[in-house]
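The structure appears right after this line, and notes come after that.
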Amino acid sequence: MAIQKVGVVGCGLMGSGIAQVCAQAGCDVVVREVSEPLLDKGLKSIEKNLARLVEKGTLTTEARDQVRGRLRGTTKLEDLGDRDLVIEVIIEQLPAKKELYAALDNICSPETIFASNTSSLSITEMAMFTKRPGRFFGMHFFNPVPVMKLVEVIRTIASDNQVYEDLLAFAGKLGKTPVRTSDRTGFIVNRLLVPYLLDAIRVLEDGVASVEDIDNSMKLGCGHPMGPLTLLDFVGLDTTYYIANIMFDEFREKRFASPPLLKRMVMAGWNGRKAGRGFYDYSDPAKPRPLQLT
Ligand code: 3HC
């Protein structure tokens with residue numbers, strides 16, 4: 001089955017990126033947000049990204065106009081009724097997902113494929129909110145979506161094999177490299193990444209090294225694009241804390257347990273770059289100041 005008409009539910013940081021890459025890949029895209037101001041914000045960030053690509057010469061103005069022509073924003077869920085695939089990118093709360101999928105299940109054709117961009121919730125549990133568990137998958141993109149090449153494509157024990165192949169091919173059409181993974185909390189990347197990020201916090205807590213030296217060590221010693229504490233600020237401390245808690249709940253292993261410092265920082269609202277403060281202080285965004293633990 002060729003996936004041509006795509007719906008994206010949620011136009012925040014990840015949803016807007018997904019809508020953008022789908023439209024750039026030639027799909028007809030409808031992206032839905034709950035309110036006009038939120039939709040406007042998401043569409044503006046897509047505009048900004050496209051403008052940057054035109055400025056760099058990666059995209060011609062004609063191609064940009066074609067992308068714009070393929071992308072439509074809405075606040076009405078009903079506008080997703082004719083989609084081949086709906087990708088859900090809303091808040092990571094099961095009751096909200098349940099309500100959304102129950103509504104989408106009635107609005108969309110039984111043929112429509114549903115895919116959640118969840119980073120940590122169970123795909124199987126969400127599939128059972130619908131009458132189409134065979135056509136329900138995970139599609140986990142990475143931030144920033146237009147840049148990161150990976151998509152984890154997650155199947156469940158109830159998945160239809162052919163539809164899974166179609167979805168893998170679709171991820172390839174987006175210019176991404178799809179990887180196959182099953183429905184286990186954290187899939188591949190977060191299963192490996194989250195313990196690493198939590199360990200970086202433990203290294204800081206134990207007084208082994210400073211924020212800057214931990215980050216420089218992994219950047220310069222291992223060739224990572226960002227050090228772990230910078231990456232934590234980039235992903236969001238609240239998001240990481242939330243994912244770690246779900247993983248700890250699933251596996252009951254110490255390596256998924258949040259260090260006390262992470263919990264304290266989340267309680268203080270020091271959630272990273274978006275909050276202006278995390279392991280760095282971003283008052284001067286050009287020159288972030290590392291956190292000093294006394
Ligand atoms: N949107 C679109 N393009 C962007 C972008 C954004 N938000 N941010 C950067 N870019 C583009 C730039 O335009 C530039 O493009 P060019 O090479 O064509 O000129 C390119 O990316 C590199 O950007 P910069 O030169 O400004 O900066 P860097 O070289 O430092 O790269 C980075 C920025 C791509 C974010 C890089 O630091 C990186 O790869 N960091 C690691 C990110 C990462 O690990 N993401 C995964 C997080 S985990 C996750 O998402 C899963 C979740 O479940 C937790």
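Key figures
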{"item": "Residue satisfying condition, being open to solvent by 60 Å² or more (accessible area, probe 1.4 Å), of a type in the set (Phe, Trp, Tyr) and assigned to a helix (DSSP H, G or I), within set Phe248, Phe234", "result": "Phe248"}
{"item": "Residue pairs meeting the criteria (Cβ under 7 Å; at least 6 apart or on separate chains; first closer than 16 Å to Val9 by Cβ, in the stretch 36-49; second within 16 Å of the ligand (Cβ to nearest atom) and part of a helix (DSSP H, G or I))", "result": "Gly42/Gly15; Gly42/Ser16; Ile46/Ser16; Ile46/Ala19; Ile46/Gln20"}
{"item": "Failed item, numbered, when Met226 is tested on (1) part of a helix (DSSP H, G or I); (2) touching a helix residue (DSSP H, G or I) at 6+ places or on another chain (Cβ under 7 Å); (3) open to solvent by less than 90 Å² (accessible area, probe 1.4 Å)", "result": "(1)"}
{"item": "Leu198, sole failed condition from (1) within 26 Å of Ile157 (Cβ to Cβ); (2) within 14 Å of the ligand (Cβ to nearest atom); (3) assigned to a helix (DSSP H, G or I)", "result": "(1)"}
{"item": "Residue within the stretch 133-142 that is assigned by TED's automatic domain parsing to the domain that holds Arg255 and within 16 Å of the ligand (Cβ to nearest atom) present", "result": "no"}
{"item": "Failed item, numbered, when Arg255 is tested on (1) modelled with pLDDT under 95; (2) assigned to a helix (DSSP H, G or I)", "result": "(1)"}
{"item": "In the stretch 92-106, the residues that are more than 21 Å from Asp160 (Cα to Cα), of a type in the set (A, V, I, L, M, F, W, C) and in contact (Cβ under 8 Å) with a residue 12 or more places away in the chain", "result": "Leu94, Leu100, Ala103"}
{"item": "Total residues in the stretch 8-50, condition open to solvent by less than 50 Å² (accessible area, probe 1.4 Å), more than 11 Å from the ligand (Cβ to nearest atom) and either under 17 Å from Met148 (Cα atoms) or assigned to a helix (DSSP H, G or I) (or both)", "result": "9"}
{"item": "Residue ranges of strands (runs of 3 or more DSSP E) in the stretch 56-119 with at least 3 members closer than 30 Å to Ala244 by Cα", "result": "85-88, 113-116"}
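Yes/no per residue for (1) over 24 Å from the mean Cα position of the chain (by Cα); (2) within 12 Å of the ligand (Cβ to nearest atom):
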residue: Val194; (1), (2): no, yes
residue: Arg202; (1), (2): yes, no
residue: Asp213; (1), (2): yes, no
residue: His224; (1), (2): no, yes
residue: Gly236; (1), (2): no, yes
residue: Pro259; (1), (2): no, no
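The values are calculated or read from the model by the stated rules, or taken from the named source; none is laboratory data. Keep in mind it's a predicted model, so treat the numbers as computed, not measured. Please note: Cβ atoms are built from the backbone with ideal geometry, for glycine as well, and neighbour counts cover all protein chains shown. For the accessible areas, the whole protein counts, side chains as well, though only heavy atoms, and no ligand, DNA or RNA atoms are used. Shrake-Rupley method; radii C 1.70, N 1.55, O 1.52, S 1.80 Å.
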